[in-house]
Amino acid sequence: MLQFTGLKDKNRKESYQGDLVEVDKHGPREVFFEGGAFYTRARHPYDSDSLVAYYEISEIKIIGNVYENPELLQ
């Protein structure tokens, strides 16, 4: 079962754990839950994990999820 983050992306689409999001030009990032908070996991080695904070959510666009779009992780 996918867990709702309580947040929506810049297009007002609900965000769930396992979603792949586009934050900037560095490619897709995966939404995950850890320690009571939602984060995005970097998909490139030069990126670091970063907190999906409310003030940043207006810049995030959901592009798929890890279950239905695994090709986006490559």
Exercise for the section: Mind listing the long-range amide H neighbours of Ile63? Cut-off is under 5 Å, sequence gap 5 or more, other chains count too, H placed in the peptide plane at 1.01 Å from N. Expected result: Leu20, Val21, Glu22
Practice task
Could you please report the charge total around Lys13, scoring K, R as +1 and D, E as -1 over all other residues with beta-carbon less than 11 angstrom from its beta-carbon?
Solution key: +1
Problem - Pairwise FRET efficiency - Ile63 versus Lys8, Cβ, R0 = 22 Å, nearest 0.05 - result: 0.90
Handout entry: 3J(HN,Hα) from dihedral phi, the range 6-15, Karplus parametrisation 6.51/-1.76/1.60, rounded to Hz, x for glycine, proline
Key = x, 10, 10, 7, 5, 9, 6, 8, 5, 9
Practice task
Please turn the phi angles of the range 61-70 into ³J(HN,Hα) values with the Karplus equation 6.51 cos²θ - 1.76 cosθ + 1.60 (θ = phi - 60°), one per residue in order, whole Hz, x for glycine and proline.
Solution key: 10, 6, 10, x, 8, 5, 8, 9, 9, x
Fill in the blank from the handout: Counting only residues 5 or more apart in sequence or on a different chain, those whose built amide H sits under 5 Å from that of Tyr16 are Thr5
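Here, each number is a calculation from the coordinates, and none is a lab measurement. As the structure is a prediction and not an experimental result, all values here were calculated from the model. Cβ: placed from backbone, ideal geometry, glycine included. Neighbour counts: every protein chain shown.
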